[in-house]
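Take a look at the structure below.
The values are calculated or read from the model by the stated rules, or taken from the named source; none is laboratory data. As the structure is a prediction and not an experimental result, all values here were calculated from the model. With ideal geometry, Cβ positions are generated from the backbone for all residues, glycine too; neighbour counts draw on all protein chains shown. Note: areas computed on protein heavy atoms with side chains; ligands, DNA, RNA excluded. Shrake-Rupley method; radii C 1.70, N 1.55, O 1.52, S 1.80 Å.
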Amino acid sequence: MKKTVHAACPHDCPDACGVLITVEDGRATRIQGDPAHPVTRGFLCAKVAKYLDRVYSPERVLYPMKRVGPKGPTSHDGTNPASFQRISWDEALDEITERFRKIIVEFGSEAILPYSYGGTLGVLNNASMDRRFFHRLGASQLERSICSTAGDAGLESVLGAQIGTEPEQFRHSRYIIAWGANIHGNNVHLWPFIQEAKRNGAKLVVIDPYRTRTAGCADWYLPINPGTDVALALGMMHVIINENLYDADYVARYTLGFEQLREKVQEYAPEYVAHWTGIDAADIRKLAHQYVTARPAAIRVNYGLQRCQNGGMATRAITMLPCITGSWKEVGGGLQLSISGAFGLNKAALKKPELMHKALGREGRMVNMVELGKALNTLSGPPIKALFVYNSNPAAVCPNHNEVIRGLKRQDLFTVVHEQFFTDTTDYADIVLPATTFFEHKELQAAYGHYYLQMSQQAIQPLGECRSNVDVFRALAEHLGFEEDCFRESVDEMIDTALSSPNPWLKGIDRERLELEGHVRLNFESQFSVPGTQFSEYFLPFAKGNFPTRSGKAELYSEALKAKGLDPVVEFTPPSESRHSVMAKTYPLELLARKADNFLNTTFSNLPAVQNMEESGLLEMHPADAQVRGITEGDSVRVFNSRGEIFLTARVDGKVPRGIVSARLHWAKLSPGNININVLTGEQLSDLGNAATFYSTLVEVEPPVLTARPN
Ligand SMILES: Nc1nc2c(c(=O)[nH]1)N[C@H]1C(S)=C(S)[C@@H](COP(=O)(O)OP(=O)(O)OC[C@H]3O[C@@H](n4cnc5c(=O)[nH]c(N)nc54)[C@H](O)[C@@H]3O)O[C@H]1N2
Ligand SMILES: Nc1nc2c(c(=O)[nH]1)N[C@H]1C(S)=C(S)[C@@H](COP(=O)(O)OP(=O)(O)OC[C@H]3O[C@@H](n4cnc5c(=O)[nH]c(N)nc54)[C@H](O)[C@@H]3O)O[C@H]1N2
Ligand code: SF4
Ligand SMILES: [Mo]
């Protein structure tokens, strides 16, 4: 009995690959990229290529568990049986509902906080039954801002939506800027299109403080000081506008506020910008000239640069570039950040926020997920008495790790974690529930890096007693006696609900078609492509304006920003933790608390096959910074600031410029002291979108003679 099942990778990655799973006698035996998917093109990233190891790992959580030992890390290998005892699903659901009922009576329903993020981006298992459940319960709401909300707000402030250049068009670009975008590591399916463009003579420019593999492949690599991209984009626009290199016709027809922008850029002469960015004035001019003349020019801006305190304004400023050069008119032009806004699924019907009004008579309290430490320790209003974690590993991914752990250790906090593995967060759970992987449930999959909707079929039966997120919250609703019909919807009914949307680009796409075809391109109307040409298949959302903003134009001037007390055009404010700030006197080094190229945030970091590809526990330094501190390659160094300290192994490898150090994210319990790089990152929020600012962090580093490393 052998079959091949079409699925879609649901991990938090722009590529959302089409996947083919071979199943023999009920067991998955092979995984491969779908050769028919126009962006996946038959290959998977190295980590998901090893997915059978993950699905069938002996360290999977397979049964509901109840805590019997003290809270805290007990094991470095991902298994944690000593602290837990197996229980039945009924016992687990009874315990959870009983504790929730008591908490609601004593503290009110907002004392319960859901905590979820990107474990799966599957449409249903990311946000549907869970939201219905917590809305109906009247729980606190979670502001999901740990990743992208600064950039999304910046992008939307100009364009009105998260839409942009599709990956397939990059093959026609003549000039590509990878701006804060680690393409080889985080978005590898864009790379073949860039290679194709390069073979046709395109130039690749990389703007990144860290010399990534992508930077190593660039025709021109521009290391930039972290948190200064706003200034660079304004400097480029200074040149483009003052030298009349902009597209006057496009600007006049389709943009709003150009004269205010012209005025604003006068403050940002290349010489001034050079001081902040560390990029020569001559290079800033050259970049601006090349960007307008080597056409079509596409910008792949990714989320890296918006993890700075001014990340919203940075994304806003960069997004203005194709709007003033008219590059949106050209196949292979424009810009891509997230393009998820085109899917327009019926999310309101999936999440049912009206249930919250029914429960509370108002909106539930909002808690920012970046501030989990604060929320658990010092929140005013009803205290958080129960935390329900799914799709996330906050004990590793949250900033200000020490404060998060202090909160998670609270004896009076009832914590439920629905997980596939015994992560850093399950170490603090009272109840652990076993979660299916995407092999084990059916899903609808959208994307944030291409325009194909996919059906992800269930390939195998759930392992052990694993349940999907949808099934868990359906069961909890039933246990609490929630009577609304929406809690009884089946997976297929919910997929139909998601697709029942007025979005014209979903026309003709239904469940049956997705089941038959696996992936379906969004149905863009011909007015957006270039009919009758070789490019007729492409989507040019803004070739003729059509910006879904209030004004219908690209907003270089924004009344909405003005109403928030922000600069309505755009403004550069250096981050409060950067080389120019007061704090730099004590902590002079800018830390890039980066992602690992071979893990996905902390997912995969416990799998031996993937660990072999990634060296963990390193602090990358510039030789000059190492030398003045008496540090040499391989030393165990203490990296610290006012929030915490961590011991890492110095790697003096030229990947970072002087003044910057870099380290990577993984499970905390894989390191001595059970900590990771987030002991050093802070809870301060970005300028737009209330987002995390992982890349605006100052630290100091001490050589080994001054300190002893703990065991
Ligand atoms: N292999 C792998 N793939 C992933 C992930 C992963 O962890 N591993 N994570 C997934 C997730 S959740 C996301 S959000 C995406 C994110 O993918 P990206 O948006 O590519 O995000 P980052 O890796 O955070 O940052 C990209 C680059 O920005 C650089 N950078 C940092 N600060 C600045 C700055 O101030 N200016 C500029 N110009 N560049 C800066 C970093 O050095 C980094 O090389 O990737 C997804 N894909
Ligand atoms: N220092 C530093 N910190 C960062 C970042 C950084 O670059 N540097 N990146 C930030 C970013 S961009 C992001 S997006 C966040 C990511 O934060 P998270 O979304 O919390 O990321 P992961 O560490 O991948 O944890 C996801 C967990 O969900 C589980 N999971 C997977 N599928 C399912 C499922 O179907 N059901 C359930 N119940 N669980 C499932 C996985 O096993 C995994 O443990 O981290 C942020 N933290
Ligand atoms: S993590 Fe990204 S690149 Fe890897 S298989 Fe999934 S979608 Fe594709
Ligand atoms: Mo992210």
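Summary table below
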read-out: Search result, residues across the range 407-440 that are part of a loop (DSSP other than H, G, I, E, B) and either within 16 Å of ligand 3 (Cβ to nearest atom) or surrounded by fewer than 24 Cβ atoms within 10 Å (Cβ to Cβ) (or both); value: Lys409, Arg410, Gln411, Asp412, Leu413, Gln420, Asp430, Thr437
read-out: Leading residue by the ranking (farthest from Gly26 (Cα to Cα)) among those in the range 460-485 that are among the acidic types (Asp, Glu) and in a helix (DSSP H, G or I); value: Asp485
read-out: Filtered residue count, the range 601-625, keeping only those that are within 16 Å of ligand 3 (Cβ to nearest atom) and assigned to a helix (DSSP H, G or I); value: 2
read-out: Residues that are surrounded by fewer than 20 Cβ atoms within 10 Å (Cβ to Cβ), closer than 30 Å to Gly119 by Cα and among the small types (Gly, Ala, Ser), drawn from the range 603-642; value: Ala609, Ser616, Gly617
read-out: Residue in the range 665-683 that is in a strand (DSSP E or B) and touching a Gly at 6+ places or on another chain (Cβ under 9 Å) present; value: no
read-out: Qualifying positions in the range 229-253 - touching a residue at least 40 places away in the same chain (Cβ under 8 Å) and hydrophobic (A, V, I, L, M, F, W, C); value: Val230, Ala231, Leu232, Ala233, Leu234, Met236, Met237, Val239, Ile240, Ile241, Leu245, Val251
read-out: Long-range neighbours under 8 Å by Cβ, at least six apart or interchain, first residue within 16 Å of Ile677 (Cα to Cα) within the range 603-630, second among the polar types (S, T, N, Q) and open to solvent by 50 Å² or more (accessible area, probe 1.4 Å); value: Ser605/Gln611; Ser605/Ser616
read-out: Some residue of the range 159-166 being touching an Asp or Glu at 6+ places or on another chain (Cβ under 7 Å) and in contact (Cβ under 8 Å) with a residue 24 or more places away in the chain; value: yes
read-out: Condition broken by Gly78, with the remaining ones in (1) at pLDDT 95 or above; (2) in contact with a strand residue (DSSP E or B) (Cβ under 6 Å, 6 or more places away or on another chain) satisfied; value: (1)
read-out: Test: residue in the range 89-107 that is in a loop (DSSP other than H, G, I, E, B) and surrounded by fewer than 17 Cβ atoms within 10 Å (Cβ to Cβ); value: no
read-out: Selection status of Lys3, more than 16 Å from ligand 4 (Cβ to nearest atom), open to solvent by 50 Å² or more (accessible area, probe 1.4 Å) and without any contact (Cβ under 8 Å) to a residue 12 or more places away in the chain; value: no
read-out: All positions within the range 9-36 that are farther than 25 Å from Ala127 by Cα, assigned to a loop (DSSP other than H, G, I, E, B) and open to solvent by less than 30 Å² (accessible area, probe 1.4 Å); value: Asp34
read-out: Which listed residue, of Arg253, Arg285, Arg262, is more than 18 Å from Thr319 (Cα to Cα) and in a helix (DSSP H, G or I); value: Arg285
read-out: Qualifying residues in the range 353-383 (those that are over 30 Å from Val679 (Cβ atoms) and in a helix (DSSP H, G or I)) - the one most open to solvent (accessible area, probe 1.4 Å); value: Lys358
read-out: Condition check for Pro64: within 24 Å of Ser671 (Cα to Cα) and over 26 Å from the mean Cα position of the chain (by Cα); value: no
read-out: Strands (runs of 3 or more DSSP E) wholly inside the range 140-236 that include at least 3 residues being farther than 21 Å from Ser578 by Cβ and open to solvent by 10 Å² or more (accessible area, probe 1.4 Å); value: 141-143
read-out: In the range 261-300, residue surrounded by the most Cβ atoms within 10 Å (Cβ to Cβ) [restricted to those that are small (Gly, Ala, Ser) and within 32 Å of the chain's Cα centre (by Cα)]; value: Ala298
read-out: Search result, residues across the range 264-297 that are touching a residue at least 40 places away in the same chain (Cβ under 8 Å) and charged (D, E, K, R); value: Lys264, Asp283, Arg285, Arg295
read-out: Residue that is farthest from ligand 1 (Cβ to nearest atom) [pool: residues in the range 322-341 that are surrounded by fewer than 24 Cβ atoms within 10 Å (Cβ to Cβ) and outside any loop (DSSP other than H, G, I, E, B)]; value: Lys329
